[in-house]
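Below is one structure, written out as C-alpha cells, with a few remarks after it.
The values are calculated or read from the model by the stated rules, or taken from the named source; none is laboratory data. What you are looking at is a predicted structure, and each value in this text was computed from that prediction instead of being measured. Here Cβ is always computed from backbone atoms with ideal geometry, including for glycine, and neighbour counts include all displayed protein chains.
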Amino acid sequence: MCSLANAKCAKGSLDEAVAVYRKGLQVIKDSKYIAMDDEVMEKIRIELADLYHIAGREHEGRELLKECLLTTEKYNGNEHPSSVTHLLNLATSYSRSKNFVEAERLQREGFRIMETAMGSEDPSITVPMLSLAVTLYHLKRDVEAEQFALEAVRIHERAVGNKSLIYAEALDCLISIQARIGNDDADVLALLKRVLSIQEKELGYESEEVVTMLKKIVFYLEKMGKKEEKLLLQRRLSMLRTKYKKKVHY
C-alpha cells in the first residue's frame with residue numbers, strides 16, 4: 001500500500017495518497033500483526049504525517065506525530081532519547097505554522113532529555129540544540145540563538161573535527177545568526193568560505209548546496225566591493241546555471 005500511495009503522491013494526488021496510507025495503517029492496527037511500537041508502524045505514521053503537511057492538513061499531521069510521541073513514551077518511558085525525534089518532528093510542524101513558542105517548548109524538552117541521557121558533550125545533543133537555535137532566530141532572540149549555535153559548532157568540532165559535512169551544517173546555522181546580529185562582514189565571509197570548502201569536498205563542486213553557498217558568498221563580495229573575486233564566482237555560477245538550468249532555479 002505504501003508503494004501505491006507513493007505512486008499517487010508522485011502524480012500529485014495527495015488526498016488519494018493520504019487515503020491509501022490511512023487505510024493501510026488501519027488494516028495493520030486491526031490485524032495486530034505488528035506491534036504499535038514497531039519501527040515499520042512508526043515509519044508509516046511519520047510518512048502519513050508528512051503527507052498531511054504537504055496537503056495543507058497540518059492539524060491532522062500533528063495529531064499523528066503526537067500519536068508517535070505517546071506510543072514511544074508508553075513503551076520506552078517519558079525520558080527515553082527515542083522520544084526526542086518525535087518532539088522535534090512536532091516542533092517542526094509548529095514552526096511551519098509559525099507557532100515558534102510551542103516549537104521552542106518542544107525543542108527545549110528534547111534538548112533536556114538528550115543532554116540528561118547522553119551528556120553535555122555528546123554530538124547527538126546538537127540536533128535539538130541547532131533546532132532550538134533556528135527557532136530562537138525566528139523569535140528574534142539572536143543572542144541566545146548564537147549561544148546554542150556556537151556550542152553546537154564547538155561540540156561537533158571536538159567530536160569529528162572541522163572538515164565534516166555535519167560541522168559545516170552547524171557552522172552555516174551560526175553564520176545566519178551572526179549575519180543578522182551584525183558581525184563583521186569579513187568574518188562572515190571567511191566562515192562562508194569554510195563551509196563552501198567542506199561542501200565542495202563532500203558533495204561535489206556542482207551540488208545544489210554549493211550553488212546556494214556560492215550565491216551567499218557573491219552577495220558578501222558585492223557588499224564588500226571585492227569586484228574581481230565576485231566576477232570569478234559569478235562566471236562559475238553562470239556555467240552551473242547553463243549546465244543545470246532544469247535543476248537549479250535562481
Residue that is within 18 Å of the chain's Cα centre (by Cα), farther than 23 Å from R194 by Cβ and either buried (at least 24 other Cβ atoms within 10 Å of the Cβ) or not assigned by TED's automatic domain parsing to the domain that holds A49 (or both), where the choices are A117, A103, A149, A133: A103
Out of the helices (runs of 4 or more DSSP H) lying entirely within segment 156-250, which hold 3 or more residues that are farther than 30 Å from P128 by Cβ and not assigned by TED's automatic domain parsing to the domain that holds M118? 208-223, 227-243
Give segment 120-130 a look and list any residue that's buried (at least 16 other Cβ atoms within 10 Å of the Cβ) and among the polar types (S, T, N, Q), or say none. S124, T126
Over segment 47-97, the set of residues more than 26 Å from M118 (Cβ to Cβ) and without any contact (Cβ under 8 Å) to a residue 24 or more places away in the chain is D50, G56, H59, E60, E63, L64
Please determine whether any residue of segment 157-165 is free of Cβ contacts under 8 Å to residues at least 60 places away in the same chain, surrounded by fewer than 19 Cβ atoms within 10 Å (Cβ to Cβ) and under 19 Å from the mean Cα position of the chain (by Cα). yes
Subset of segment 192-214 [of a type in the set (A, V, I, L, M, F, W, C) and under 20 Å from the mean Cα position of the chain (by Cα)]: L192, V195, L196, I198, L203, V210, V211, M213
